[in-house]
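These notes concern the structure reproduced below.
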Amino acid sequence: MYLEPLEKRVTTPQFTYFASVMNVSEIFSEKIRAVYTRRLVDDIPRDIIDMNFLISKNCNFLKSLTNKKLSEVGYENFSMSTFIKRLNLIDEKMWGDDLSKVMYRVPELKESINSLINFLKNQ
């Protein structure tokens with residue numbers, strides 16, 4: 001972890017405790033690294049969903065942090081064109097087959113990718 005972890009209070013019917021959790025912006029960088037490095041592109045749909053969820057939780061795209069994480073696995077720097085090429089490996093069938101196992105309502109692939117790309121371009 002590069003960013004300071006956050007303390008989150010967790011309450012259950014039996015007890016309350018505090019957990020250290022990774023900063024959402026660092027999780028976002030981890031997800032970008034996952035998209036770059038996955039051998040099986042079948043797992044990328046869930047990464048896209050996760051990244052859009054993190055965006056809804058007010059994460060930031062920290063390019064310098066993402067570059068550090070990518071350098072750990074042999075990539076020089078984040079490249080929007082490389083990232084988009086990886087996202088475009090996903091087709092509608094793969095998207096639906098994977099996500100329908102874990103979601104009641106599967107969002108549109110194109111809309112999900114465009115939302116993610118627009119977020120990255122505006123950061």
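Please pick out the residue among 57, 8, 31 that is of a type in the set (Lys, Arg) and surrounded by 14 or more Cβ atoms within 10 Å (Cβ to Cβ).
The unique qualifying residue is 31.
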Worksheet item: Could we say that residue 81 is among the hydroxyl-bearing types (Ser, Thr, Tyr) and either surrounded by 16 or more Cβ atoms within 10 Å (Cβ to Cβ) or within 19 Å of residue 1 (Cβ to Cβ) (or both) here?
Response: no
Worksheet item: Counting only residues that are loosely packed, with under 15 Cβ neighbours inside 10 Å and among the β-branched types (Val, Ile, Thr), which one in segment 85-123 is nearest to residue 56 (Cα to Cα)?
Response: 117
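I'm checking my understanding of the structure. Among residues of segment 26-38 that are out of contact with any Leu (no Cβ under 8 Å at 6 or more places or on another chain) and assigned to a helix (DSSP H, G or I), which one is nearest to residue 102 (Cα to Cα)?
34
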Worksheet item: Out of all the residues in segment 6-21, is one or more among the hydroxyl-bearing types (Ser, Thr, Tyr), more than 27 Å from residue 85 (Cα to Cα) and out of contact with any strand residue (DSSP E or B) (no Cβ under 7 Å at 6 or more places or on another chain)?
Response: yes
Discussion item. Looking at segment 74-87, can you tell me whether even one residue there is of a type in the set (A, V, I, L, M, F, W, C) and farther than 26 Å from residue 118 by Cβ?
Written reply: no
Worksheet item: Residues of segment 37-60 being closer than 18 Å to residue 109 by Cα and under 11 Å from the mean Cα position of the chain (by Cα), which ones?
Response: 44, 45, 46, 47, 48, 49, 50, 51, 52, 53, 54, 55
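Give me a count of the residues in segment 77-123 that are charged (D, E, K, R) and touching a Pro at 6+ places or on another chain (Cβ under 6 Å).
Going residue by residue through segment 77-123, those that are charged (D, E, K, R) are 85-86, 91-93, 97-98, 101, 105, 108, 110-111, 121.
Pick out the ones that are also touching a Pro at 6+ places or on another chain (Cβ under 6 Å) and you get 98.
Qualifying residue count, segment 77-123: 1.
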Worksheet item: Consider residue 2 against the criteria (1) assigned to a loop (DSSP other than H, G, I, E, B); (2) loosely packed, with under 12 Cβ neighbours inside 10 Å: it satisfies all of them except one. Which criterion is unmet?
Response: (2)
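Read the figures in this text as sums done on the coordinates, not as results from a lab. Bear in mind that the values here come from a model prediction, so they are computed numbers and not experimental data. Cβ: placed from backbone, ideal geometry, glycine included. Neighbour counts: every protein chain shown.
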